[in-house]
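J.: Below is one structure. I have some questions about it.
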Amino acid sequence: MSKITVIGIGPGAPGDMTMRAVEALRSCGVVVGYKYYIPFISQFIKPDTEIVSNGMKQERTRVEKAFEIAESGRDVCVISSGDAGIYGMAPLVLEMKRDRGCSDVEVEIIPGVSAFQKASSLLGAPTGHDFCVISLSDLMTPWDVIERRIRAAAEADFVTAVYNPKSTGRYWELPRLIEIFLEHRAPSTPVGYVRQAGRDEECVTITTLGHLDPEAIDMFTVLLIGNSRSYESDGWFITPRGYYPPEDESVAEAGPGQSIMINSFRTIERELRHPEIPLYLKWPMLHAIHTTADFDMENVVKVDEDAPERIYRALTQGGVRTIITDVTMAASGIRKGALARLGIEVKCYLNEPGVAETAKEKGITRSQAAIRMAFEQHPDALFAIGNAPTALMELCSLIRRGQARPCGIIAAPVGFVHVCESKHMVKPFTEIPKIIVEGRKGGSNLAATLVNSILCWPDAMQLMPGRDV
């Protein structure tokens with residue numbers, strides 16, 4: 001029985017060829033391959049080896065010739081760059097064997113180092129976690145299928161290797177891929193590309209998704225796009241597997257519960273439509289989604305620039321030690337351990353003596369009366385409103401009159417009457433850091449969790465690129 005041996009010859013450098021591939025080539029009497037690849041194996045074949053080669057897009061012709069040789073009783077090697085099973089010759093050989101009914105021709109497939117593996121090693125460790133490989137060539141695959149696969153890879157947060165990214169006739173596909181990935185990845189996502197990996201013209205580049213220039217890419221380039229955890233360090237492109245938990249950080253010190261929460265946040269983060277948002281916005285938003293399981297929080301949670309850090313500093317370094325809530329339910333949801341650790345107290349004046357009488361006398365709601373009493377004693381507190389829009393409206397009136405100067409505002413009242421208006425009323429106070437849950441949504445649980453996001457602001461660093469739990 002004759003044999004066709006399909007050999008993956010690696011990306012081009014002799015040192016990247018496996019010993020099995022070299023041994024097979026040394027014993028082979030006939031080699032069939034693309035003419036551009038024959039020089040890569042010349043040092044391994046015998047002087048009298050018969051060479052059958054042709055040009056690009058003639059793969060079927062080459063394999064048909066290999067079968068004709070094998071059917072005549074001679075063994076033959078079919079060479080394929082990289083790994084023969086990855087966009088290589090192995091599938092074609094096996095399909096043609098099936099169609100020809102060649103039961104007397106044996107097929108052996110010898111794996112090789114794929115171009116994306118070589119490129120990955122030159123860049124560092126970009127494929128350290130789940131990855132996929134996509135070809136942009138639409139010669140045999142319709143573009144609509146390719147685009148669905150691109151979108152699936154981007155949405156699923158796969159590290160993605162891209163083959164055949166560009167050619168003379170295909171100039172727009174790579175910009176389209178970048179456009180799709182930017183819908184799901186931050187512009188700062190690391191991207192590496194290697195031209196002529198393993199060959200004399202080898203060139204290695206690390207950039208970012210936002211700065212990737214399609215004009216620097218050609219058909220001889222392999223592109224690798226990182227996932228949401230990938231980062232660059234000291235010239236290396238790294239996608240962490242998760243071997244380094246933050247043993248010296250506050251998350252670990254807080255115990256397994258905090259670690260579970262951070263892991264939950266990472267799961268939520270992977271499902272965000274826009275994970276590239278700044279940390280000051282992402283951290284409260286993750287708390288809101290974690291509490292409600294409602295991903296619409298991505299649309300309605302609005303955070304002033306650096307508001308969590310500014311409020312945290314006011315509460316821990318600025319002399320403010322009080323948080324005011326409009327209802328007791330919001331107060332009960334604020335983390336007692338964090339309050340005790342930071343020396344902060346939470347107060348709700350809704351049921352204080354005199355509040356009901358003031359409300360009746362002035363013709364206002366108890367929530368308004370409670371806010372009036374609270375500001376008299378704590379005008380610079382953090383005010384967290386999670387129930388009553390009238391409480392937020394009262395606070396806005398006090399601020400406009402110069403009677404209250406809160407260090408921060410959590411605006412999350414819930415309901416259908418004056419709720420949206422109350423949230424609009426607080427927006428003009430640009431000097432006060434605010435977190436607002438826009439629209440009708442809100443509630444005591446949201447107000448409490450947004451306060452908690454401020455109290456544990458230092459833990460937000462665990463979500464920075466390159467950190468894993």
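The values are calculated or read from the model by the stated rules, or taken from the named source; none is laboratory data. Computed from a predicted model, the values in this text were never measured in an experiment. Counting neighbours? That spans all protein chains shown, and the Cβs are built from the backbone with ideal geometry, glycine included. Accessible surface areas use protein heavy atoms only, side chains included; no ligands, DNA or RNA. Shrake-Rupley method; radii C 1.70, N 1.55, O 1.52, S 1.80 Å.
J.: With N residues in the range 1-91, what two-decimal value do you get for its Cα radius of gyration over 2.2 N^0.38 Å? If you can, show how the numbers build up before the last one.
T.: Numbers: Rg = 11.9 Å, N = 91, 2.2 N^0.38 = 12.2 Å.
Computed over Cα atoms of the range 1-91, the ratio equals 0.97.
J.: Moving on. If R₀ is 35 angstrom, what is the calculated FRET efficiency for the pair Gln58 and Trp236, using the beta carbon separation as r and rounding to 0.05?
T.: On the way: r = 40 Å, r/R0 = 1.13.
FRET efficiency, Gln58 to Trp236: 0.30.
J.: Here's another thing I want to ask about it. Report the extension gain between Arg341 and Phe295 in nm, rounded to one decimal, defined as 0.36 nm multiplied by the number of residues separating them, less their alpha carbon distance. Could the numbers behind the result be given before it?
T.: Values: separation 46, 0.36 × 46 = 16.56 nm, distance 3.10 nm.
The Arg341-Phe295 span can extend by a further 13.5 nm.
J.: Using alpha-carbon pairs under 8 Å, 6+ residues apart, how would you state the relative contact order of the chain in percent?
T.: Details: 913 pairs, mean separation 57.2, N = 469.
With pairs under 8 Å counted, the relative contact order is 12 percent.
J.: Now a separate question. Mind listing the lone cysteines of the chain, meaning no other Cys beta-carbon sits under 4.7 Å from theirs?
T.: That list is Cys102, Cys132, Cys203, Cys348, Cys396, Cys407, Cys420, Cys456.
J.: Tally Lys and Arg at +1 and Asp and Glu at -1 over the other residues with C-beta under 15 Å from the C-beta of Thr221: what net charge comes out?
T.: On the way: positive: Lys118, Lys166, Arg170, Arg195, Arg199; negative: Glu173, Glu201, Glu202, Asp213, Glu215, Asp218.
Net charge around Thr221: -1.
J.: Moving on to the next point. Restricting things to alpha carbons, find the Rg to Rh ratio for the range 282-419 using the Kirkwood radius for Rh.
T.: Details: Rg = 15.1 Å, Rh = 15.7 Å.
Here the Rg-to-Rh quotient is 0.96.
J.: Still on this structure: Once you sort the root eigenvalues of the Cα gyration tensor of the range 302-374 as a ≥ b ≥ c, which label holds: rounded (a/c under 1.5), prolate (a/b larger than b/c) or oblate (the other case)?
T.: Values: a/c = 2.51, a/b = 1.91, b/c = 1.31.
Note, shape of the range 302-374 comes out prolate.
J.: Can you compute the helix-only [θ] at 222 nm over the chain? Use -39500 (n - 2.57) per DSSP H run of at least 4 residues, normalise by all residues, nearest 500 deg cm²/dmol.
T.: On the way: 19 runs with 180 residues, N = 469.
So the calculated ellipticity at 222 nm is -11000 deg cm²/dmol.
J.: Mind listing which chymotrypsin sites (Phe, Trp or Tyr not before Pro) in the range 23-121 are in a DSSP loop and have 16 or fewer other Cβ atoms within 10 Å?
T.: Details: sites: Tyr34, Tyr36, Tyr37, Phe40, Phe44, Phe67, Tyr87, Phe116; in loops: Tyr36, Tyr37, Tyr87.
Of the chymotrypsin sites (Phe, Trp or Tyr not before Pro), the ones in loops of the range 23-121 whose Cβ has at most 16 other Cβ atoms within 10 Å are Tyr36, Tyr37.
J.: Follow-up. Give me the number: length gained by fully extending Asp104 to Thr205, i.e. 0.36 nm times residue separation minus the C-alpha to C-alpha distance, one decimal in nm. Please list the in-between numbers first.
T.: Values: separation 101, 0.36 × 101 = 36.36 nm, distance 4.80 nm.
Roughly 31.6 nm would be gained on extension.
J.: Could you work out the per residue convex hull volume over the alpha carbons of the range 41-123, in cubic angstrom? Don't skip to the answer; put the middle values down first.
T.: Values: hull volume 9.5 nm³, N = 83.
Hull volume over Cα atoms, normalised by residue count, gives 114 Å³.
J.: Another one. Can you work out the FRET efficiency for the pair Gln317 and Ser167, with r the C-beta to C-beta distance and R0 = 56 Å, to the nearest 0.05?
T.: Numbers: r = 58 Å, r/R0 = 1.04.
Working from the Cβ atoms, E equals 0.45.
J.: First measure r as the distance between the Cβ atoms of Thr328 and Arg270, then evaluate 1/(1 + (r/R0)^6) with R0 = 35 Å and state the FRET efficiency to the nearest 0.05.
T.: Working: r = 36 Å, r/R0 = 1.02.
About 0.45, to the nearest 0.05.
J.: Related question: What's the local net charge at Arg62, with K and R +1, D and E -1, over the other residues with C-beta under 13 Å away?
T.: Surrounding charge for Arg62 is +1.
J.: Tally Lys and Arg at +1 and Asp and Glu at -1 over the other residues with C-beta under 12 Å from the C-beta of Val107: what net charge comes out? Please list the in-between numbers first.
T.: On the way: positive: Lys3, Lys97, Arg98, Arg100; negative: Asp75, Glu95, Asp104, Glu106, Glu108.
Spelling it out: positives minus negatives among the neighbours equals -1.
J.: Need the C-alpha centroid separation for the range 204-227 versus the range 290-353, integer Å.
T.: Their Cα centres are 44 Å away from one another.
J.: Oh, and also: Give me the percent of the accessible area of the chain that comes from carbon and sulfur atoms, probe 1.4 Å, all protein chains in place. Write down the numbers at each step before the final one.
T.: Working: 11030 of 21460 Å².
That share works out to 51 percent.
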